[in-house]
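The values are calculated or read from the model by the stated rules, or taken from the named source; none is laboratory data. It should be emphasised that the depicted structure is a prediction, and the values quoted were computed from it without experimental measurement. Cβ atoms come from the backbone with ideal geometry, glycine included; neighbour counts cover every protein chain shown. For the accessible areas, the whole protein counts, side chains as well, though only heavy atoms, and no ligand, DNA or RNA atoms are used. Shrake-Rupley method; radii C 1.70, N 1.55, O 1.52, S 1.80 Å.
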Amino acid sequence: MGGDHMGDSPTSGVNVLLVADPGLPTARARSIQDELQELLDEAFSPPIILNVQTAMLRLRPDNSLDLSDAVELAREYGSPEAVLLLTEIPRLEDGHPLIAEIFPDERIAVVSCPTLGAFFSRRRILDTLMACTVRLKPTSEPRDPSMFDRSWLRWAQSPDGNDHSTLRARRFTGGLRTVLGMVAGNEPVKTAPRLSSALAAAAATGAFGIFYNSIWVMSTYLSTPRLIGVGLLAIAAMTAWLIASNGLWDSPERENLARVVLLYNLSTVVTLVLCVLVLYAALVLLILAGGLIVIAPEYMEDVTGQPPVFTRYLDIAWLSAAMGVVAGALGSSFDQHTDLKTLTHGQRERQRKYTEEGS
């Protein structure tokens, strides 16, 4: 995207304000700040001003976007020509994930971070932000916006003739990408360690598998598919318990919000499944290490009647971990220091809304 593509006389400088939600959107905004600056330098002549700030885009009680805070913040930065809002709010239009929306009167573009997915999102964010910027502040070349368009970018102009435009993704692939993006925003790898009580209860129960040889014998006679099935059943049981006991399953307040709430619920389920998988894997490794240290090979062979190969220890660890995960579900109920409602996308969304009294 060099200057030779931009025409001989790009327009005068541009003042851009990038405002990102706390959490993953801010982390992504900070990580691309230098690259975005370079792209702006290529597209516009000096002076180029880029400011990056963190603020939460809020929702009104009717679930519409509230841009008043962004407008107020823009005044503090000299009323920039382009205010880019990078939010974790998943948005839909006619069933299609809404990647971006441009409000020309306010000189604001809203980009939904989850709709850009969890993988390769860095390039997508840069392309989308630049496509929004050149539409808010066009360069001298009338086709310049298309330079930042990609095959997955499908802009639609408002039929009333103004400059309001939207960028929508395909229903299926865009929906899948949005769910994965929401899961990434929930940061399941950071969430898993917070289930300390669940891990303690799971480890305590799983340890019985090392000392009770009836579990050794049972694991010996269970086929590999059945052992895998037992593990999957334990993961499903703990995930269901976490959702039910913490009230993490949302119901739409209105019928038109059903699709959005479905995205929230899917992202919650996937996030918690990943958390439990991390817990399960950690448990298998801990029990496996303990079994290799405690269980003498000769004694195992004497009890099970099978050669004490490594896979026997792994089978014991796997079955014991399944028992432990079920016990961990109960243990999570006693963890007073972890509020899972703040760790999943759908529940955090409620923090954005005004109360009826405050609106």
Could you list the trypsin sites (Lys or Arg not before Pro) in the range 207-279 that lie in coil according to DSSP, counting only those with at most 13 other Cβ atoms within 10 Å of their Cβ?
-> Arg254
Interatomic Cα distance distribution for the range 172-326, bins of 10 angstrom, percent | 11, 34, 27, 17, 9, 3, 0
Debye log10 I(q)/I(0) at q = 0.21, 0.23 Å⁻¹ for the range 19-82, Cα point scatterers = -0.98, -1.08
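Order Glu301, Glu76, Glu81, most accessible first, counting only protein heavy atoms with a 1.4 angstrom probe. Please report the intermediate quantities before stating the final value.
Numbers: Glu301 90, Glu76 130, Glu81 50 Å².
Heavy-atom accessible area, descending, gives Glu76, Glu301, Glu81.
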